[in-house]
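Student: The structure is given below, and queries will be raised subsequently.
The values are calculated or read from the model by the stated rules, or taken from the named source; none is laboratory data. As the structure is a computational prediction, the values presented were derived from the model and not from experiment. When we count neighbours, we look across all protein chains shown, and the Cβ atoms used for this are built from the backbone with ideal geometry, even at glycine.
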Amino acid sequence: GAVVSQHPSWVICKSGTSVKIECRSLDFQATTMFWYRQFPKQSLMLMATSNEGSKATYEQGVEKDKFLINHASLTLSTLTVTSAHPEDSSFYICSARTGTGIFSLHFGNGTRLTVT
Amino acid sequence: DQQVKQNSPSLSVQEGRISILNCDYTNSMFDYFLWYKKYPAEGPTFLISISSIKDKNEDGRFTVFLNKSAKHLSLHIVPSQPGDSAVYFCAATIFQTGANNLFFGTGTRLTVIP
C-alpha cells in the first residue's frame, strides 16, 4: 500500500538553529502534501498545504517565514523550522494524497521536535 | 477555536465488551466525518467514515453513528480486542470544498484490557 515516510522521527535542537523535516511518498507521486502540528493534549492542526512546483498555502496564523515549505519534486516535501524556539517544540506530521478521494490521504509517522 | 472536540481523553474497556468513543463538532458546514486510529510512533491511519447524508455506517466490528441535529458522532467497537488499544481521532471536513482541511479532535486513548 501507499507509504509516506517522514524523517527524522525525532530531533532535539538548540534555540536559534534551524531544523529540516522531510516527507517522502515512497511508492506514489504526490502533487499535494499537507503539514500538521500537534501540541500536547491538543488536536492535529493543519499548518500548510504543500504544492509541487509552487508556493505553499499557509493556514491563518502560521508564519510562512518561520515554517519554510519546499515541494521540489513529486515525492518530496520539506518543512524547515527556522530560528527555532522552545515554543516550536511540537509533533509535526505530514500527509499526502494518492488520489483525489478523501480516503486517499496517508500520514507519515511524524517528527517530535524538541527545542532546548 | 476547536471545531471538533473529543471530551474524553481516555477510555478503558474490558476485552469483548463494547467501546464507545464520542466526538462533537460545532461547524454545521461539515459534511464528512472520519475516524483515524493511531499507534505510538506511527501516523494516523484511516478507520471508517460517514457522510452527513447518513446516520450510520458499519464496517465489521466498527460502526459510526452520526446525529446531525446534536452535532455529535460516535464510534462503536464491538467486541473490543486488545489490538484495538490506540489513540482514536475524530476528524471532520467540508467535502464540497475539496476536503483539503481535516479538522481533528484531540483524540481518545482507548485501552482494551485482556
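Student: Every residue in the stretch B:13-30 that is closer than 22 Å to B:Thr97 by Cβ and either in contact (Cβ under 8 Å) with a residue 60 or more places away in the chain or among the aromatic types (Phe, Trp, Tyr) (or both), please.
Tutor: Once the filter is applied, which keeps residues that are closer than 22 Å to B:Thr97 by Cβ and either in contact (Cβ under 8 Å) with a residue 60 or more places away in the chain or among the aromatic types (Phe, Trp, Tyr) (or both), the stretch B:13-30 yields B:Cys23, B:Tyr25, B:Asn27, B:Met29, B:Phe30.
Student: Please go through (1) more than 13 Å from chain A (Cβ to nearest Cβ); (2) within 10 Å of the chain's Cα centre (by Cα) for B:Gln6 and return the number of the only condition it doesn't satisfy.
Tutor: In the conditions (1) more than 13 Å from chain A (Cβ to nearest Cβ); (2) within 10 Å of the chain's Cα centre (by Cα), B:Gln6 misses (1) alone.
Student: Can you tell me which residue in the stretch B:63-102 is nearest to A:Trp35 (Cα to Cα), limited to those that are surrounded by 21 or more Cβ atoms within 10 Å (Cβ to Cβ) and aromatic (Phe, Trp, Tyr)?
Tutor: Among them, the one singled out is B:Phe89.
Student: Working carefully through the options B:Asn7, B:Asn67, find the one that is more than 30 Å from A:Thr49 (Cβ to Cβ) and polar (S, T, N, Q).
Tutor: B:Asn67 is the lone residue from the list that is more than 30 Å from A:Thr49 (Cβ to Cβ) and polar (S, T, N, Q).
Student: Just the residues that are under 15 Å from B:Thr111 (Cα atoms) and either among the aliphatic types (A, V, I, L, M) or assigned to a strand (DSSP E or B) (or both), please, taken from the stretch B:85-98.
Tutor: The answer is B:Ala86, B:Val87, B:Tyr88, B:Phe89.
Student: Just the residues that are away from chain A (no Cβ under 14 Å) and in contact with a strand residue (DSSP E or B) (Cβ under 6 Å, 6 or more places away or on another chain), please, taken from the stretch B:19-63.
Tutor: B:Ser19, B:Ile20, B:Leu21, B:Asn22, B:Asp55, B:Lys56, B:Arg61, B:Phe62, B:Thr63
Student: What number of residues within the stretch B:64-84 satisfy the criterion of being farther than 17 Å from B:Gln6 by Cα and either at pLDDT below 95 or of a type in the set (Ser, Thr, Tyr) (or both)?
Tutor: Residues flagged as farther than 17 Å from B:Gln6 by Cα and either at pLDDT below 95 or of a type in the set (Ser, Thr, Tyr) (or both) within the stretch B:64-84 amount to 2.
Student: OK, next. Looking at B:Gly43, B:Gly98 in this structure, which one is touching a Phe, Trp or Tyr at 6+ places or on another chain (Cβ under 7 Å) and modelled with pLDDT under 95?
Tutor: B:Gly43
Student: State yes or no: is A:Asp65 acidic (Asp, Glu), closer than 22 Å to B:Tyr39 by Cβ and more than 14 Å from the chain's Cα centre (by Cα)?
Tutor: No.
Student: Give the stretch B:52-83 a look and list any residue that's acidic (Asp, Glu) and in contact with a Leu (Cβ under 6 Å, 6 or more places away or on another chain), or say none.
Tutor: Residue satisfying the conditions is B:Asp55 alone.
Student: Taking the conditions exactly as written (surrounded by fewer than 17 Cβ atoms within 10 Å (Cβ to Cβ), in contact (Cβ under 8 Å) with a residue 60 or more places away in the chain and touching a Lys or Arg at 6+ places or on another chain (Cβ under 7 Å)), does B:Ser10 satisfy them or not?
Tutor: Yes, satisfied.
Student: List pairs: first in the stretch B:34-55 and at positive phi, second of a type outside the set (D, E, K, R), Cβ under 8 Å, 6+ apart or cross-chain?
Tutor: If the second residue must be of a type outside the set (D, E, K, R), the pairs left are B:Ala41/A:Ser9; B:Ala41/A:Asn109; B:Ala41/A:Gly110.
Student: Of (1) in contact with a strand residue (DSSP E or B) (Cβ under 7 Å, 6 or more places away or on another chain); (2) away from chain A (no Cβ under 14 Å); (3) part of a loop (DSSP other than H, G, I, E, B), B:Asn101 satisfies all except one. Which?
Tutor: With respect to (1) in contact with a strand residue (DSSP E or B) (Cβ under 7 Å, 6 or more places away or on another chain); (2) away from chain A (no Cβ under 14 Å); (3) part of a loop (DSSP other than H, G, I, E, B), B:Asn101 is out only on (2).
Student: Answer yes if at least one residue in the stretch A:15-32 is within 13 Å of chain B (Cβ to nearest Cβ), crowded, with 18+ Cβ neighbours inside 10 Å, part of a strand (DSSP E or B) and in contact with a helix residue (DSSP H, G or I) (Cβ under 8 Å, 6 or more places away or on another chain), and no otherwise.
Tutor: no
Student: Which ranges mark the strands (runs of 3 or more DSSP E) fully within the stretch A:58-100 that have 2 or more residues being under 21 Å from B:Glu42 (Cβ atoms)?
Tutor: Counting at least 2 such residues, we get A:76-81, A:90-97.
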